[in-house]
Amino acid sequence: MDAPTGGLAALVPPEQAAAHARALLAPLTAPLADTLRCWLSLHGSWDRTAVALGVHRNTVRQRIGRCGELLAVDLDDMDVRTELWFALRQT
């Protein structure tokens, strides 16, 4: 996915944004990062994410729970979700 070139993302130099994203998302495997990206893009919908990924909704719940544990964050917090979305857009 291409990094955004406008809006608030344009205020952060791309190399700094990419470095921040790598550091923030380092604990996640590629499948976990993909699940988190999909889940965030679908506004936290378990069912829609499961359909999009072709997995059971409980698999999505487990993966998202694991993301929260590995990142040591509260994924119910909109500030956390926003920062993660920004980071995922840089990768």
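Key figures for this structure:
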item: Single condition G6 does not satisfy, out of (1) in contact with a Leu (Cβ under 9 Å, 6 or more places away or on another chain); (2) open to solvent by less than 60 Å² (accessible area, probe 1.4 Å); result: (1)
item: Members of segment 1-17 found to be modelled with pLDDT of 80 or more, farther than 20 Å from A33 by Cβ and outside any helix (DSSP H, G or I), listed by number; result: P13
item: Hits in segment 79-91 (condition: in a helix (DSSP H, G or I), within 12 Å of the chain's Cα centre (by Cα) and not β-branched (V, I, T)); result: R81, E83, L84, W85, F86, A87, L88, R89
item: Boolean, R66 is over 28 Å from L8 (Cα atoms), open to solvent by 50 Å² or more (accessible area, probe 1.4 Å) and not hydroxyl-bearing (S, T, Y); result: yes
item: Near pairs, Cβ below 6 angstrom, 6+ apart or cross-chain, from segment 49-62 (touching a residue at least 24 places away in the same chain (Cβ under 8 Å)) to any residue that is part of a helix (DSSP H, G or I) and hydroxyl-bearing (S, T, Y); result: V60/T49
item: Segment 15-26, residues that are surrounded by fewer than 14 Cβ atoms within 10 Å (Cβ to Cβ) and touching a residue at least 24 places away in the same chain (Cβ under 8 Å); result: R22
item: Residue among L71, L88, L53, L36 that is in contact with a Pro (Cβ under 8 Å, 6 or more places away or on another chain) and either at pLDDT 95 or above or open to solvent by 70 Å² or more (accessible area, probe 1.4 Å) (or both); result: L71
item: Residue check, P27 in contact with a helix residue (DSSP H, G or I) (Cβ under 7 Å, 6 or more places away or on another chain), at pLDDT 95 or above and assigned to a loop (DSSP other than H, G, I, E, B); result: yes
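For every residue, the table says whether it meets (1) in a helix (DSSP H, G or I); (2) hydrophobic (A, V, I, L, M, F, W, C).
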{"position": "A19", "(1), (2)": "yes, yes"}
{"position": "T35", "(1), (2)": "yes, no"}
{"position": "G44", "(1), (2)": "no, no"}
{"position": "V51", "(1), (2)": "yes, yes"}
{"position": "T59", "(1), (2)": "yes, no"}
{"position": "R66", "(1), (2)": "yes, no"}
{"position": "E69", "(1), (2)": "yes, no"}
{"position": "L75", "(1), (2)": "no, yes"}
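The values are calculated or read from the model by the stated rules, or taken from the named source; none is laboratory data. This one's a predicted model, so the numbers in the text were calculated from it and none came from an experiment. FYI the Cβ positions are ideal-geometry reconstructions off the backbone, even for glycines, and counts take in every protein chain you see. The protein model used for the area step is the full one, side chains on, heavy atoms only, and it has no ligands, DNA or RNA in it. Shrake-Rupley method; radii C 1.70, N 1.55, O 1.52, S 1.80 Å.
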